[in-house]
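Below is one structure, written out as C-alpha cells; the observations come after it.
Where a number appears in this text, it was derived from the coordinates with a stated rule and is not lab data. The structure displayed is predicted, hence computed values, not measured ones. Here the Cβ positions follow ideal geometry from the backbone for every residue, glycine too, while neighbour counts run over all protein chains shown.
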Amino acid sequence: MPDLPPPFTTLAAPHRFDAVALGSEFLAFAKRADTPEAALAQLAALRARYPDASHHPWAYRIGSQYRFSDDGEPGGTAGAPILRAIEGQGVDHVMVVVVRYFGGVKLGTGGLVRTYGGTAAECLRTAPRETVRPRVTLTASVPFEHLSALYHLLGTFDVERGEEAYTASGVNLTVGVYPEDAGAFAAALRDATRGAAGGDLRHDSPT
C-alpha cells in the first residue's frame, strides 16, 4: 500500500467574522476547499454577493498548493497576511476571503497588514473544525443474493459509499475505509457472502 497523506485539520462548516477599523468594514469568510477550482468558485460567489465592496483580498492553502491576492490593496498588505493567518491557525484545505468596504480613512500599510491578518485569524480561530483522515478505496462485487450482507456491513464499519453499478449478476460498489479497517472489512465481506464477494478488496489506493 502506498503512503497515504497525513490527517489534516480543516473547517467543519463555513464561518464568518466581521471587524471595523477606522470606519472600514472587514467581512472575513472562511470555508473548506479541496481544490483550487473550489476555492476560486467561493471567491467568485463572494464577489457576486458583494459587488460594491472596495476590495476582495483572499488566500487559500490546500496541502502544498497555495495562492493569495491583494486585490488592489498595496502589495503585501492583504493576501499574504491572510495566508499567514491560515498557516498560523494550523488549518488546511481552506479558502479565506476578506471583503473590505472602505470607510474614508486610510489605515496605512501596517494597519492593513494587522487588520487583514487579524480578521482572517479571528475568523479561523472561532470557526468549527474537524480532522480529516485519508481513506483507501475498495471495490466489492457481490451477487444479488448477498446484497443484504453487504449493506449490513456498510452499517457496521465506518465507510464512505462510492459508485454503485448493477451488473447481470449483482452489484459493484466502491467504498472508502480507513486503512486499519480495510483488511477486516474485506474478510468480513468474504465471510458474510461465503466467499462469493469479489472485486478489488486489497487496500492499495488512497481516496
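A few remarks follow.
- E25-F102 pseudo-label distance in nm [points 7 Å out on the Cα-to-Cβ vector]: 1.7
- Label zone at R16, where the point sits 7 Å out along the Cα-to-Cβ direction: segment 96-111 residues whose backbone N lies under 16 Å: 96-101
- Between R161 and D52, the FRET efficiency estimated from the beta carbon spacing at R0 = 41 angstrom works out to 0.40.
- Principal-axis analysis of the Cα atoms of the chain puts helix 147-156 at an angle of about 50° to the longest axis.
- Each residue of segment 136-143 is assigned a 3J(HN,Hα), and the resulting list reads 10, 9, 10, 10, 10, 10, 10, x Hz, derived from the Karplus form 6.51 cos²θ - 1.76 cosθ + 1.60 (θ = phi - 60°), x at Gly and Pro.
- Relative contact order (%) - criterion: Cα under 8 Å, at least six apart; region: the chain: 24
- FRET efficiency for A184 and F144, using Cβ-Cβ distance with R0 set to 25 Å, rounded to 0.05: 0.55
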